[in-house]
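Some notes on the structure that comes next.
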Amino acid sequence: MHGPTSPAWLLVALCAATGAYCLLRMRSGVEDQRRAAGGEAVMGFGMAAMAVPAAVFTPPAWAWAGGAVVFGAAGLRGLWAARAGRRHLHHLVEAGAMVYMAAVMAASPAAGSAAHGHGTYGPPVLTGALLLYFAGYVLLTGVRLIPGMAVAGGGAGSDGAATAGWGDRPELARACRLAMAIGMLAMLPAM
């Protein structure tokens, strides 16, 4: 690795690939899964945009405020969806973390400077709490994926026909969320 731009480009690739995969998951036949995949695609592409090294592209100061508004709306949508199930609370926390990072970037004196506005801004307690949440989420989701790996090839019924489309497989959705949580763990310490 040659300086901080290599990890940033890896993060951009991870988040963009996750966003693209989530767009493909929107082809699911289950409405709830389509909705969740759409929100995750927005999150993945937003994280990819935030991770672009400032040496390549420095967004205008208003872009951070715009990002905070977009992710605030995603958070409200997550809050509304949380009525239906606890699993939507993760989307709410993830959107809140993105609002927090965008607000810190917007509030930095050199929003989008060579360090992408990363400095000592923002309450470290909130950053620490978000880091603990995402670390726990990564560990828990990783453990949940282990049994899914053993049955990944067993998606066929007794007659050999597939029982669910690839976009409807829960382990793939978990892997998508795991990748974004890992991205959050990489982005938050830079705050």
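The values are calculated or read from the model by the stated rules, or taken from the named source; none is laboratory data. Bear in mind that the values here come from a model prediction, so they are computed numbers and not experimental data. All Cβ positions, even for glycine, are placed from backbone atoms using ideal geometry, and neighbour counts span all protein chains on display. Each accessible area value is taken on the protein alone, full model and side chains, heavy atoms only, with ligands, DNA and RNA left out. Shrake-Rupley method; radii C 1.70, N 1.55, O 1.52, S 1.80 Å.
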Near pairs, Cβ below 7 angstrom, 6+ apart or cross-chain, from segment 23-36 (in contact (Cβ under 8 Å) with a residue 24 or more places away in the chain) to any residue that is outside any helix (DSSP H, G or I) and open to solvent by less than 80 Å² (accessible area, probe 1.4 Å): SER28/GLY165; GLY29/GLY165
Single unsatisfied condition, ARG34 versus (1) open to solvent by less than 40 Å² (accessible area, probe 1.4 Å); (2) of a type outside the set (Asp, Glu); (3) out of contact with any Asp or Glu (no Cβ under 9 Å at 6 or more places or on another chain); (4) closer than 20 Å to LEU76 by Cα: (1)
Among (1) in a helix (DSSP H, G or I); (2) modelled with pLDDT under 85; (3) surrounded by 19 or more Cβ atoms within 10 Å (Cβ to Cβ) - the single one GLY117 does not satisfy: (1)
Candidates ALA65, ALA20, ALA84, ALA54, filtered to the one that is modelled with pLDDT under 90 and either closer than 18 Å to GLY183 by Cα or of a type in the set (S, T, N, Q) (or both): ALA54
PRO53 vs. criteria in contact with a helix residue (DSSP H, G or I) (Cβ under 8 Å, 6 or more places away or on another chain), surrounded by 14 or more Cβ atoms within 10 Å (Cβ to Cβ) and not in a helix (DSSP H, G or I): yes
Residue list for segment 68-81, filter: surrounded by 15 or more Cβ atoms within 10 Å (Cβ to Cβ) and at pLDDT 90 or above: ALA68, VAL70, PHE71, GLY72
One residue from GLY142, GLY165, GLY96 being closer than 24 Å to ASP32 by Cα, in contact with a Ser or Thr (Cβ under 9 Å, 6 or more places away or on another chain) and at pLDDT 50 or above: GLY165
Which numbered condition ARG27 misses (of (1) in a loop (DSSP other than H, G, I, E, B); (2) open to solvent by less than 60 Å² (accessible area, probe 1.4 Å); (3) among the charged types (D, E, K, R)): (2)
